[in-house]
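Okay, structure first, notes after.
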């Protein structure tokens, strides 16, 4: 994980053969309100580990919660957001058996969220990209590009558009005081604005669930014995020193717009702990998306460099 800070960046630049693109959230006014709010109603509780204390992840699962367990999943979470480890295991063992019968073999972890995502907006949705916490939403035309071109590394899941506010576009405008005056908290805005009678007229949107993330695989393997995994709940703990090293590494690569080969995947879309906001796409995907445009996004070109050039 140690970077060769003496490496010759001009040599690195000349030897790169592969280009990637980082696509991430636009830095605009009213960013929280532009993207809306939402939730995955069928989420798993966290665990209250006797060794680690309460902990929970935020993984988005690439499949819907089976109808036969939806009421139970919601009831378990509402009863207690963090369960004892043995109780969590009893529930998930049975739920995983149902998932296996449906062809899904992923293990269930604390804090996992099933599809679908329930979405609310203040303005009629008209953009191609929306950015919520750990959730990426795209329009039908972006979904069509992904499906028609067999873009690998991502799955698409229909969003349930619950409420659509009828404010004008607020990308760069202030929300009128007549609505702010009725709010005690910012999220109250979603209750006080006028709403469309039928949200379905605004078309279908999708969540992107990205299968590969270096923070969940490559980085863990690279750190090896330097990280500690709880034998009870599986929580992975990183020391402050490791966090400092990762932040230094992230700063080094981002300033140079490079990414070592080891932090990529052989798919079209993935996520990286170096460029963690948003996601990374290969050049061919960028060219496909470019025709639609990148409103509500920022983009950055990244050069892939060999591990030997960076790590020595």
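Of the residues 134, 40, the one with the fewest other Cβ atoms within 10 Å heads the list, and the complete ranking is 134, 40. Listed values [x] -0.56, -0.83, -1.35; [y] -0.48, -0.75, -1.48; [z] -0.46, -0.67, -1.17 include one computed from this model; for log10 I(q)/I(0) by the Debye sum over Cα atoms at q = 0.09, 0.11, 0.15 Å⁻¹ that value carries the label [x]. The radius of gyration of the Cα set in the stretch 46-112, together with its Dmax, comes out at 11.9, 34 angstrom. Taking other C-beta atoms within 10 Å as the exposure proxy, 305, 160 rank 160, 305 from fewest upward. One equal scatterer on each Cα of the stretch 97-193, no solvent, Debye formula: the resulting log10 I(q)/I(0) at q = 0.10, 0.12, 0.21 Å⁻¹ is -0.42, -0.58, -1.19.
The overall shape of the stretch 157-312 is prolate: from the C-alpha gyration tensor, with semi-axes ordered a ≥ b ≥ c, the ratio a/c is 1.5 or greater and a/b exceeds b/c.
Structural descriptor for the stretch 46-112: relative contact order 48 percent, calculated from alpha carbon pairs under 8 angstrom and at least 6 residues apart. Exposure proxy for 121, 17: other Cβ atoms within 10 Å of each Cβ, ordered fewest to most, give 17, 121.
The distance from the alpha carbon centre of the stretch 19-87 to that of the stretch 282-296 is 29 Å, rounded to a whole number.
Taking every DSSP helix (H) stretch of at least 4 residues in the chain, weighting each as -39,500 (n - 2.57) and dividing the sum by the residue count yields a mean residue ellipticity at 222 nm of -8000 deg cm²/dmol.
The numbers here are math on the coordinates, done by the rules we state, and not lab data. Quantities reported herein were computed from a predicted structural model and do not represent experimental measurements. Don't worry about glycine lacking a Cβ; one is built from the backbone with ideal geometry, like all the others, and counts go over all protein chains shown.
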